[in-house]
Amino acid sequence: MASTLLRFDIYRKVPKDLTQPTYTGAIISICCCLFILFLFLSELTGFITTEVVNELYVDDPDKDSGGKIDVSLNISLPNLHCELVGLDIQDEMGRHEVGHIDNSMKIPLNNGAGCRFEGQFSINKVPGNFHVSTHSATAQPQNPDMTHIIHKLSFGDTLQVQNVHGAFNALGGADRLTSNPLASHDYILKIVPTVYEDKSGKQRYSYQYTVANKEYVAYSHTGRIIPAIWFRYDLSPITVKYTERRQPLYRFITTICAIIGGTFTVAGILDSCIFTASEAWKKIQLGKIH
């Protein structure tokens with residue numbers, strides 16, 4: 001029974017007294033082990049590291065939002081009093097809100113001569129606009145100064161992920177302090193829904209956006225129109241999805257086996273070639289001597 005089982009051994013052992021160590025074989029073996037160690041560590045780093053892949057599709061990813069998008073706006077107007085600053089919201093669903101005040105805050109700047117507006121509000125998922133203006137003020141100023149700095153304008157959840165670089169706050173840092181004080185500013189935004197799914201399957205919904213802008217002084221038949229800072233938006237039907245993935249364990253094991261087996265095979269062929277060439281050279285030298 002035992003002798004029958006031994007026939008299935010495909011790893012036959014060669015007695016040590018029938019093997020011959022060489023310096024070349026020792027050097028190749030050491031190099032082979034170092035090479036395997038290097039490749040193993042490289043693969044291990046790739047296995048541990050989380051990969052983020054992205055895809056595009058047409059859909060509304062956040063169907064539980066009730067058709068709303070959360071907006072975060074932080075803007076400074078250093079030459080306009082806080083009592084004059086207001087936020088107005090309009091869209092194609094008929095919403096028209098002047099002087100939005102919920103979840104908003106005005107911080108005086110420059111000893112009260114300027115104002116910093118910080119607001120959290122929601123917009124409908126239809127084309128529309130929101131704008132910072134003096135429209136909600138009790139009395140309109142004669143020459144409102146709309147020069148400004150935009151510190152932040154973002155939509156949806158804040159994504160702080162190292163491997164994802166996108167235009168989530170494309171207008172952050174926009175400086176219009178040297179613009180014409182009486183000019184209106186139009187920022188035309190194209191909002192792109194973005195989904196981030198981590199390894200546990202939890203999803204976060206955010207929005208990237210592209211922006212184009214223009215600056216102008218508007219007039220009508222009654223005279224100059226009161227300037228404002230307009231953010232006109234439209235939504236893209238394309239959704240960008242980022243998904244965290246990690247290399248499967250079976251693929252990692254397969255790669256390691258391929259590295260070890262392939263390296264030893266190539267090293268064995270190389271050692272055999274060198275040994276054969278060396279023996280042939282010795283025979284040639286002995287032939288010359290005799």
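So here's what we get for this one:
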item	result
Residue check for Gln90: out of contact with any Lys or Arg (no Cβ under 8 Å at 6 or more places or on another chain), surrounded by fewer than 16 Cβ atoms within 10 Å (Cβ to Cβ) and assigned to a strand (DSSP E or B)	no
Enumerated strands (runs of 3 or more DSSP E) restricted to segment 166-271, each holding at least 3 residues that are open to solvent by 70 Å² or more (accessible area, probe 1.4 Å)	203-216
Residues located in segment 37-65, provided they are part of a helix (DSSP H, G or I), under 19 Å from Gln247 (Cβ atoms) and not hydroxyl-bearing (Ser, Thr, Tyr)	Phe38, Leu39, Phe40, Leu41, Glu43, Leu44, Gly46, Phe47, Ile48
Residue among Thr158, Thr147 that is open to solvent by less than 10 Å² (accessible area, probe 1.4 Å), in a loop (DSSP other than H, G, I, E, B) and of a type outside the set (A, V, I, L, M)	Thr147
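The values are calculated or read from the model by the stated rules, or taken from the named source; none is laboratory data. These numbers come from a predicted model, not from an experiment. Note that we place each Cβ from the backbone using ideal geometry, even for glycine, and neighbour counts take in every protein chain shown. Only protein heavy atoms, including side chains, enter the accessible area calculation; ligands, DNA and RNA are left aside. Shrake-Rupley method; radii C 1.70, N 1.55, O 1.52, S 1.80 Å.
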